Structure formats: structure tokens, C-alpha cells
1. Taking the stretch 321-372 as the search range and keeping residues that are polar (S, T, N, Q) and not in a loop (DSSP other than H, G, I, E, B), which one is most open to solvent (accessible area, probe 1.4 Å)?
2. Just to be sure before I move on: is Ile328 of a type in the set (A, V, I, L, M, F, W, C) and within 16 Å of ligand 1 (Cβ to nearest atom) in the structure I sent?
3. Please enumerate the residues belonging to the stretch 259-268 that are touching a Lys or Arg at 6+ places or on another chain (Cβ under 8 Å) and outside any loop (DSSP other than H, G, I, E, B).
4. I want to confirm something. Restricting to the stretch 390-409 and keeping residues that are open to solvent by less than 30 Å² (accessible area, probe 1.4 Å) and farther than 24 Å from Glu344 by Cβ, which single residue is nearest to ligand 1 (Cβ to nearest atom)?
5. Sort out which residues of the stretch 31-72 are open to solvent by less than 30 Å² (accessible area, probe 1.4 Å), closer than 23 Å to Thr265 by Cα and not in a helix (DSSP H, G or I), and write them in order of number.
6. From the list Arg387, Arg369, which residue is closer than 30 Å to Pro195 by Cα, in contact with a Ser or Thr (Cβ under 8 Å, 6 or more places away or on another chain) and within 16 Å of ligand 1 (Cβ to nearest atom)?
7. Taking the stretch 153-193 on its own, how many of its residues are more than 16 Å from ligand 1 (Cβ to nearest atom), touching a Lys or Arg at 6+ places or on another chain (Cβ under 6 Å) and at pLDDT 90 or above?
8. In this structure, does Arg88 turn out to be more than 30 Å from Val217 (Cβ to Cβ), away from ligand 1 (no atom under 16 Å from the Cβ), open to solvent by 30 Å² or more (accessible area, probe 1.4 Å) and not hydrophobic (A, V, I, L, M, F, W, C)?
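The values are calculated or read from the model by the stated rules, or taken from the named source; none is laboratory data. Predicted model only: the values in this text are computed from it and were never measured. Neighbour counts are summed over all protein chains in view; Cβ atoms, including those assigned to glycine, are modelled from backbone coordinates with ideal geometry. We work out accessible area using only protein heavy atoms, side chains counted, and drop any ligands, DNA or RNA first. Shrake-Rupley method; radii C 1.70, N 1.55, O 1.52, S 1.80 Å.
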Amino acid sequence: MEDLDSSPYAETAPQAGAADGEPAPAKRVFIKTFGCQMNVYDSERMGEALAAEGYVATENPADADLAILNTCHIREKAAEKVYSDLGRLRDIKSARAGEGKETRIAVTGCVAQAEGAEIVARQPAVDLVIGPQSYHRLPELLTRVRSGEGGLVETEFPDEDKFKALPSRRPAASVSAFLTVQEGCDKFCTFCVVPYTRGMEFSRPVASLVDEAKRLVERGVRDVTLLGQNVNGYHGEGADGGPATLARLIHELAAIDGLWRIRYTTSHPRDMSDDLIAAHRDVDKLMPYLHLPFQAGSDRILAAMNRKHTVREYLELIQRVRDARPDIALSTDIIVGFPGETDEEFEETLAVVRDVKFAHAFSFKYSPRPGTPASTMDGQVPEEAKRERLERLQDAIDQGHAAFNLASVGRTLPVVFEKPGRREGQLVGRSPYLQLVHADAGPELIGQMVNVEIRAARANSLSGVIGTSE
Ligand code: 5AD
Ligand code: SF4
């Protein structure tokens, strides 16, 4: 994961599980990841499954024997981008064919799940379409493609646990890592494709997550973000055989020596249980950061969205979280221009943003998704109005973000350094509040937690000096 300060629905750099090695590799794989952090995690795991088959990563699609687009269907733009990338991959495939080289193209992720065979119909150069629940079958499906089957589409929701089928080895890791603990969503917000593309909620057992976290820690990971489309609805099998809550899982993970920091995303207000709020007070390793989407500031729109909470309930919840952990950084998702949203209702959204003073927020123009109830609702809002509302909303969000960062100036924060900064002699790391922090320091501090005295706040990062104040 590159940068949590950029949109979680941006594209991320190509990646795969294997490092470049010698002798010259037989097969190269290019993986491009669109969308959420869960896709980033899935791409990593696909890279590992392919590394076990002898593939190494390449960042250049023209070098790739296998090109994978791990796609996102959450908004229209993300899905359309996949087709333009597929056009480019088709050109590469035919250029390589001219040089006698074979190229396989696979589409995975939520566009694969939602559109299935339609993808091969629109872009016949595609060899393989695999939904998010089936990517552990990638090696086997590739063998079938190599033996002559073309345009394979695999979008079932198989019963088998894909996590069991994947190789358990994790690649040499960086300081922070994602860990998918839960998938799918049963909430059915009327704007959202996730319940259709990722299916019903499924939680991994506590024991296998503790195992995976321990392996990550052995490889140097110190900061783990637990992922799930509805992560606080987690209900995986616990030690007694019954379902465990996310709070229980966090307590178990906090007992792992060498794991310093735990975060989780994305949560639903309805599943913000008392024990999870208490964990923010009681578990030191649970970082003071909460991403809790509210989507809209009007009760009428929230009801039309099927959000299952009112504005007041959301604000009361925020208060309880702040009572448990007063310094918590709050983050959220907001949609403007949901069908029927009036100017006054949009003003109510702005009022919530000003009231809560989020440290961070992602804002989106409503994008009709085929098959979802909202896409056929009356009162679709014109593009121009959506654009204006988004601009005003982003101004309000930026003010909260700047105020939050400014309040850190003069404080000394424990920073876990992750990598070299852009400037020579500089490192970049994360504060407990997920802020990016730059400081002058030698590379020996990568992977260490160090006190940094914050001296300045920029738009998207802080900078400071090592050591505590005199
Ligand atoms: N249009 C706009 N934004 C959407 N999101 C989900 N579906 C849509 C849509 N159809 C946003 C929500 C969600 C985030 C991941 O993406 O705010 O929380
Ligand atoms: Fe989509 Fe989140 Fe609503 Fe589930 S809770 S339907 S993932 S927006």
C-alpha cells in the first residue's frame, strides 16, 4: 500500500509476491490493482500463489507473460478504466505475439464478478475472468488456459475457504501490512455493489488470523490493518468454537509480542459495539484512528440509502467513541448527489462535517451502479450539482484535516518509520493517527518506533525532528 492519505479507491502500483531474482526468471507477472485496500491484499496473495508457480513480478506490462487487472466496481469510472486498460493490454499482447511471445490476460476482482462473460465479449483478448472468491484457483485455471481453453469465466462463490487453499507463506514484508479478516457485506446500502460482488459476510477464524499475524511479525511487520468490507461485523470462530467479536480478535492479536500497532477498516455505525468502543480505551496497541462512514447528513437520505442509522445516532456514537478515547482521529466516507438529495439536505451533510471535525474523509459523487436499487430511483441529481456539492464538501473536509494536522505541531508523537523519504537523509513513517511524518534520520531507523517532535504541518503530512523535547 502506497499512501493511506490518497483515496482508498485509487489505483495502486503494480505488485507481486516475488522479488526479482537470479537466474533470469522464466515467467513474469504484471498485477495492477484498482480500488480498495482489500484488493491490495488480494493482489499480494495472488502474487504469492503465482510466485509458488515460478512467476516473478514485473512493473512493465510489455514484459509480462501474465497480466492481471485486479478490478474495482464501486463507481462507474473505476469500472470503465478497466476496459481502457484492457485495450492497451490487447495491443501489447498482439505486439508480443509478433515476437513469438505468449501473453495471458486475466481480469480479477469485482468487475470480474459483476460482469463475468461480458468482459470477454467486450474484449476477446482476455483469457481469464476470476471473481474475488476464486483467485486461489488462479494457477489451476492458468493451466487450463495454457492447454487451449480460452475466455474462462470463474465467478462462483465456492464453499471452500480460499484462505486455506492459498499458500501460507507471506512475502518479505514491510513494516505495515494488511490482513483480511472479514469479507462481504449483508447491509445492502441501496447505492452499493459490494453485497453483490463480494457476497454475504464471511469471517475468518481467530486462530488462523493469529497465525497469519505472527508470521507477518516474524517478517518484520509491526503495524497491521485488519480489513473487511464490514470489519466491525466480524464474527469469526473463536477459541471456544463460538463466534468472536472484532474486539475479542483485537485482544488476541494485541497479545502477540513484536506487534506494536493494530488498526481496522471499514466499519458500519450499526456494528460499533460496546466492547469495540471499550477496546479503544483499554488496548494500547489499538491505534487512535477510526474510519466510520456516515455517507449523508439527512435522515431522509440515510433512510433512502438503507443505512440503518440516523444522523443523531451517528453523532451520539461519535461522542461515545470520543469519551473512550478523547484523542481519536476520525475518518469517514460521504456521498453527494444521492437520488433526491436537495440543496438543504446537502447543507445537513456539511453541518455534520463541521460538527464532527474529521481528521480525514473521503468524498464521492453518487455514481449509479447497475443492479442496485438507487440506480433506478427518481430524482437523479444532475452532474453539475454533484460537482458543485463535492467541491464545497471537499473544502470543509480540507479545513478539518488541516486543523487536525496543525494541532499536532509541538507534540511529540511515536512514529514507526517505513521507508526513505523523497529527500536524501530523510525517512517517512506513520503517527498513531495514521499521519505521514517526515524526519531526517538514517536508514537504520526503518522499522523502528521513534519519538518525533512535530515542527510543521503540510497539506498531507507532518514533519519533525527525532528525539523528545528538552
Ligand atoms: N457512488 C458513489 N460512492 C459510492 N460508494 C459506494 N458506492 C458508491 C456509489 N454507487 C462510496 C461509499 C463507500 C465508499 C467505499 O465508496 O461512500 O463508503
Ligand atoms: Fe456497501 Fe459498506 Fe453499505 Fe456494505 S455497509 S452495502 S459495503 S456501503
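1. Step one: list which residues in the stretch 321-372 are polar (S, T, N, Q), which gives 331-332, 342, 349, 363, 367, 372.
Now narrow it down to the ones that are not in a loop (DSSP other than H, G, I, E, B): 331-332, 349, 363.
Values: Ser331: 1, Thr332: 0, Thr349: 1, Ser363: 21 Å².
Top of the filtered list is Ser363.
2. Working: of a type in the set (A, V, I, L, M, F, W, C): yes; within 16 Å of ligand 1 (Cβ to nearest atom): no.
In short, no.
3. Let us first name the residues in the stretch 259-268 that are touching a Lys or Arg at 6+ places or on another chain (Cβ under 8 Å), namely 259-262, 268.
Hits for the stretch 259-268 are Arg261, Ile262.
4. His401
5. Thr33, Phe34, Gly35, Cys36, Asn70, Thr71, Cys72, listed by residue number.
6. On the way: Arg387 fails: in contact with a Ser or Thr (Cβ under 8 Å, 6 or more places away or on another chain).
Residue meeting the stated conditions: Arg369.
7. The total comes to 2.
8. Numbers: more than 30 Å from Val217 (Cβ to Cβ): yes; away from ligand 1 (no atom under 16 Å from the Cβ): yes; open to solvent by 30 Å² or more (accessible area, probe 1.4 Å): yes; not hydrophobic (A, V, I, L, M, F, W, C): yes.
Here the answer is yes, as Arg88 does meet what is asked.
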